[in-house]
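The structure appears right after this line, and notes come after that.
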Amino acid sequence: MSPGQLVAGLGEDLLDRARALLGQRRAILGIAGAPGAGKSTLAARVVAALGEEAVLVPMDGFHLHDDILARLGLSDRKGAPETFDVAGYAHVLHRMREETGSTVYAPAFDRSRELSLAAAIAVEPRHRLVVTEGNYLLHDADGWSAVLPALDESWFVQTDDDVRRARLVQRHIEHGRSPDEARRWATVSDQANAEVVQRTRKVADVVVDVD
């Protein structure tokens with residue numbers, strides 16, 4: 001499979017590619033994509049298929065707290081590249097690569113409460129593959145260029161834009177926004193972020209087309 005090749009869904013080719021990363025040392029697989037593209041689902045399926053040797057560490061655990069966003073005047077930009085602790089994220093990725101003999105803790109993101117939970121994910125010595133997913137893994141501005149060197153392989157997930165936006169609207173409604181607010185957030189803020197992410201597609205080793 002050549003770099004940048006388009007493949008469909010989580011077939012055996014992709015699973016074989018993920019299994020090939022289970023070598024002597026710990027590897028990190030990064031799965032990027034626009035909001036609502038399906039990267040979280042794909043990442044979870046990869047980890048489930050590989051079993052106890054793999055662990056999932058989402059980028060979303062490094063969201064800045066709402067109080068910080070308010071102080072910075074970024075509340076209406078939540079989810080944009082500048083609303084994450086990218087330096088902390090890159091640092092933890094590099095720690096996971098290097099500190100393989102001890103447990104490295106990473107934060108998780110509680111979407112129901114829209115906040116990060118410190119040290120909620122344990123990356124243990126038995127974990128030979130870390131799967132990390134998020135919008136900006138391949139972004140090269142605002143400090144994000146420190147992330148790509150930590151990845152052994154990168155996948156970019158894409159899906160139909162109408163399907164993606166419909167998922168986002170439903171997600172926002174489920175998390176407490178009114179239908180009008182949900183549509184506005186999906187078509188304005190999320191869409192602006194999606195356009196930033198889409199420009200990073202060319203950097204990926206593999207582009208994954210999902211339904």
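Let's see how each residue does on (1) touching a His at 6+ places or on another chain (Cβ under 7 Å); (2) at pLDDT 95 or above:
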{"site": "87", "(1), (2)": "no, yes"}
{"site": "90", "(1), (2)": "no, yes"}
{"site": "93", "(1), (2)": "no, yes"}
{"site": "96", "(1), (2)": "no, yes"}
{"site": "110", "(1), (2)": "no, no"}
{"site": "115", "(1), (2)": "yes, no"}
{"site": "118", "(1), (2)": "no, yes"}
{"site": "122", "(1), (2)": "no, yes"}
{"site": "126", "(1), (2)": "no, yes"}
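Selection within the stretch 62-81: residues that are in contact (Cβ under 8 Å) with a residue 12 or more places away in the chain and either small (Gly, Ala, Ser) or buried (at least 16 other Cβ atoms within 10 Å of the Cβ) (or both). The member of this set that is nearest to residue 143 (Cα to Cα) is 81. Between 102, 145, the distinction of being surrounded by fewer than 21 Cβ atoms within 10 Å (Cβ to Cβ), modelled with pLDDT of 95 or more and within 26 Å of residue 68 (Cα to Cα) belongs to 145 only. The lone criterion from (1) crowded, with 18+ Cβ neighbours inside 10 Å; (2) touching an Asp or Glu at 6+ places or on another chain (Cβ under 6 Å) left unmet by residue 117 is number (1). In the set (1) farther than 30 Å from residue 162 by Cβ; (2) in contact with a strand residue (DSSP E or B) (Cβ under 7 Å, 6 or more places away or on another chain), residue 91 fails one condition alone, (2). Out of 4, 36, one residue alone is modelled with pLDDT under 95, surrounded by fewer than 18 Cβ atoms within 10 Å (Cβ to Cβ), under 20 Å from the mean Cα position of the chain (by Cα) and closer than 23 Å to residue 194 by Cα. It is 4.
At least 2 residues being of a type in the set (S, T, N, Q) is the threshold, and among the helices (runs of 4 or more DSSP H) wholly inside the stretch 2-107 those reaching it are 39-50.
Consider the stretch 97-131. How many of its residues are in contact (Cβ under 8 Å) with a residue 60 or more places away in the chain, more than 15 Å from residue 57 (Cα to Cα) and either in contact with a strand residue (DSSP E or B) (Cβ under 6 Å, 6 or more places away or on another chain) or of a type in the set (Gly, Ala, Ser) (or both)? Residues that pass the stated criteria total 1.
The values are calculated or read from the model by the stated rules, or taken from the named source; none is laboratory data. Computed from a predicted structure; not experimentally measured. Neighbour counts run over all protein chains shown; Cβ positions are idealised from the backbone, glycine included.
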